[in-house]
Each structure stands twice: as C-alpha cells, then as structure tokens.
Amino acid sequence: MYAGEVTVWAGWALFYASPAVWAGLAVVSAAFATLVRWEERWLLERFGEDYRAYLADVPRWVPRAPSRPRPADRRRFRADRDRNHQGGRWRKSITVDHDLACR
C-alpha cells in the first residue's frame, strides 16, 4: 500500500516536473519509511516470533517474483487439469442452481 502511494507520487513528480511535487514525494517517502518501522516494532511486540518469521518470508517494499513450481506441484497441477478436461471440453467447476441464481 505504501509502495503504491510512493509510486503515484513519483508519477506525479515526473508528469508535473514541479519542485513542490518532488518535495512532496520526499516528505511522503520519509514519512512512510518511519511509519513502517514503527508498525513493525509494534507488530513484533504484539505477535513476537510469528511476526518475525513473517518478516523473513515477505519483503518490505517490493514483492519477489513468484518462484517456479516444484516438480511435485507441477504433477499435481497436471492431474487437476486432466481431471477437469473431458473429451475435448472443459467441465464446469462450479454448478449453479439457475432458479436460485435468478432470484
């Protein structure tokens, strides 16, 4: 959320090329950096080791690229795909009661 806000400010700064908008970007970026550190301390106090493990797995600002599925995951995906594909047509995965849906 914070990274998105900073990205919007950066877009405005590039579009308007105004020193005031660049200053706003600097202020917002500094404020968010401070706020995030304060929130992380508070969450560590509240949730302890669970939150520390979360911090180890999740990057602070920019998400990581998704990793490729492991071979076992690929086999499971293919089995699900093949199970849902029948005779050249895809089976509907959700059955809808027409009378109930049209109320």
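The values are calculated or read from the model by the stated rules, or taken from the named source; none is laboratory data. Keep in mind that this is a model prediction, so the values were computed, not measured. Note: ideal-geometry Cβ built from the backbone for every residue, glycine included; neighbour counts use all protein chains shown.
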Per the filter on the range 37-47, residues among the aromatic types (F, W, Y) and either touching a Gly at 6+ places or on another chain (Cβ under 6 Å) or within 21 Å of G4 (Cα to Cα) (or both) are W38
Could you please give the count of residues in the range 9-67 that are part of a helix (DSSP H, G or I), surrounded by fewer than 11 Cβ atoms within 10 Å (Cβ to Cβ) and of a type in the set (F, W, Y)? 2
Just to be sure I understand, how many residues within the range 48-66 are more than 19 Å from M1 (Cβ to Cβ) and in contact with a helix residue (DSSP H, G or I) (Cβ under 9 Å, 6 or more places away or on another chain)? 1
Among the residues in the range 79-98, are any touching a strand residue (DSSP E or B) at 6+ places or on another chain (Cβ under 9 Å), at pLDDT below 75 and outside any helix (DSSP H, G or I)? yes
